[in-house]
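Laboratory data are not the source of any read-out in this text; all were calculated from the coordinates shown. These figures come from a predicted structure and were not determined experimentally. Don't worry about glycine lacking a Cβ; one is built from the backbone with ideal geometry, like all the others, and counts go over all protein chains shown.
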Amino acid sequence: MAWDEKGRLWVIETVDYPNTVRDTEGEGDDRIKICEDTDGDGRADKFTIFADKLNIPTSLVFANGGVIVSQAPLFLFCRIPTATIKPTSAKR
């Protein structure tokens, strides 16, 4: 989990763990979800899928206008576009 500068909580949801580890080319069922409080009551009321088809990601960190995701044996970079919350690319 990580908080961004807008106060949103970014959460890795790992559905595959501990049962299914795919090879480096396989698609998983895990994802990164953004939880946001839009009405200021202190509770998340908006949930957005930022990235999906991940395979057992273990951490994320914000860097250079995007998110670096560790997914052994890879590190993925997903850029955060300014106009939309969907990533434009994931580079290995």
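Note on segment 1-75: dipole from Cβ charges, positive end direction compared against C35, L9, G65; the farthest Cα belongs to G65. Determine the sum of side-chain charges near C35: Lys and Arg each +1, Asp and Glu each -1, restricted to other residues whose C-beta is under 10 angstrom from that of C35. Residues close to C35 contribute a combined charge of +1.
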